[in-house]
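**Student:** One structure coming up, written as structure tokens, with questions to follow.
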Amino acid sequence: MAHPSQLGFQDAASPVMEELLHFHDHALMIVFLISTLVLYIIVAMVSTKLTNKYILDSQEIEIIWTVLPAVILILIALPSLRILYLMDEINDPHLTIKAMGHQWYWSYEYTDYEDLGFDSYMIPTQDLLPGQFRLLEADHRMVVPVESPIRILVSAEDVLHSWAVPALGVKMDAVPGRLNQTAFIASRPGVFYGQCSEICGANHSFMPIVVEAVPLEHFENWSSLMLEDA
């Protein structure tokens with residue numbers, strides 16, 4: 001998860017998020033080179049009194065500064081479109097979970113099971129245990145198996161919400177009366193935190209999302225215990 005004074009993104013926990021981090025670095029390097037070139041030109045124009053007629057009036061330079069931006073935009077657009085299509089693909093998910101946004105908590109339904117669902121509320125500050133994170137811990141985590149395609153169906157009961165987990169590269173709006181879907185693959189075990197990313201009311205900051213990725217065997221044991229308790 002993110003920590004104070006962190007400058008970069010969180011460590012990626014899914015293949016799509018790794019691709020997004022690579023694309024971010026790729027685009028940032030292009031922006032850095034453009035900024036350096038523009039700064040050099042500005043400094044050169046301000047610091048010299050010399051003029052050159054081939055620079056002031058030159059078709060070759062006009063061609064360069066027309067074609068070069070087009071090439072740069074293509075270098076940014078092609079990997080961006082590739083990642084968009086990767087994020088949109090949902091092929092044969094192993095597990096489908098329905099996430100419903102409420103004011104102000106999340107409820108989860110494991111649709112592949114007959115009766116497996118629960119509400120997930122934020123743990124109040126006074127009830128936190130040592131090592132737990134304030135405003136990020138939930139009383140019931142959404143547990144998923146690692147290295148398995150997970151489909152998330154997202155909707156809302158009352159107002160607009162947004163189901164977002166940065167480390168997994170997932171962010172999907174929860175719209176009342178509409179069922180949106182997204183998918184992710186947790187590439188390693190761990191606990192990943194997110195929060196509602198729409199301004200959904202007074203307690204918008206108090207409906208965290210906690211995804212716990214565990215090995216398949218542990219997930220099966222957890223689901224069996226949850227079904228027994230139900």
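The values are calculated or read from the model by the stated rules, or taken from the named source; none is laboratory data. Everything numeric here is computed off the predicted structure, so don't read it as measured data. All Cβ positions, glycine included, derive from the backbone under ideal geometry; neighbour counts span all protein chains shown. Heavy atoms of the whole protein, side chains included, go into the accessibility calculation; ligands, DNA and RNA do not. Shrake-Rupley method; radii C 1.70, N 1.55, O 1.52, S 1.80 Å.
**Student:** When residues of the range 192-203 are filtered for being closer than 16 Å to residue 120 by Cα, crowded, with 17+ Cβ neighbours inside 10 Å and not hydroxyl-bearing (Ser, Thr, Tyr), how many remain?
**Tutor:** Number satisfying all stated conditions: 4.
**Student:** Give the residue that is nearest to residue 193 (Cα to Cα), with candidates limited to residues of the range 163-177 that are assigned to a strand (DSSP E or B) and under 11 Å from the mean Cα position of the chain (by Cα).
**Tutor:** Among those residues, the one meeting the criterion is 165.
**Student:** Within the set of pairs 6+ apart or on separate chains, which have a first residue in the range 120-136 that is more than 16 Å from residue 212 (Cβ to Cβ), a second that is open to solvent by 70 Å² or more (accessible area, probe 1.4 Å) and among the β-branched types (Val, Ile, Thr), and C-beta atoms under 8 Å apart?
**Tutor:** Listed pairs, sorted by first residue: 134/125; 135/125.
**Student:** Another question, if that's okay. Are any of the residues in the range 136-143 open to solvent by 70 Å² or more (accessible area, probe 1.4 Å), out of contact with any Cys (no Cβ under 6 Å at 6 or more places or on another chain) and part of a strand (DSSP E or B)?
**Tutor:** Checking the range 136-143: not a single residue is open to solvent by 70 Å² or more (accessible area, probe 1.4 Å), out of contact with any Cys (no Cβ under 6 Å at 6 or more places or on another chain) and part of a strand (DSSP E or B).
**Student:** Would you mind stating whether residue 153 is open to solvent by 50 Å² or more (accessible area, probe 1.4 Å), farther than 18 Å from residue 12 by Cβ and of a type in the set (A, V, I, L, M, F, W, C)?
**Tutor:** Spelling it out, it is not the case that residue 153 is open to solvent by 50 Å² or more (accessible area, probe 1.4 Å), farther than 18 Å from residue 12 by Cβ and of a type in the set (A, V, I, L, M, F, W, C).
**Student:** Restricting to the range 204-217, and then to whatever is in contact (Cβ under 8 Å) with a residue 40 or more places away in the chain and in a helix (DSSP H, G or I), can you tell me which residue is most open to solvent (accessible area, probe 1.4 Å)?
**Tutor:** 216
**Student:** On to the next question. Residues being over 14 Å from residue 142 (Cα atoms), open to solvent by less than 80 Å² (accessible area, probe 1.4 Å) and among the acidic types (Asp, Glu): count how many of those fall in the range 89-121.
**Tutor:** Matching residues across the range 89-121 total 0.
**Student:** Here is a further query. Is it fair to say residue 191 is touching a Lys or Arg at 6+ places or on another chain (Cβ under 9 Å) and in contact (Cβ under 8 Å) with a residue 40 or more places away in the chain?
**Tutor:** Yes; evaluated as a whole, the condition is true for this residue.
**Student:** Additional query: Does the range 126-144 hold any residues that are touching a Leu at 6+ places or on another chain (Cβ under 8 Å) and more than 25 Å from residue 221 (Cα to Cα), and which are they?
**Tutor:** Scanning the range 126-144 gives a single hit, 134.
**Student:** Here is a follow-up. What's the number of the only condition in (1) part of a helix (DSSP H, G or I); (2) touching a residue at least 60 places away in the same chain (Cβ under 8 Å) that residue 181 fails to meet?
**Tutor:** It is condition (1) that residue 181 fails.
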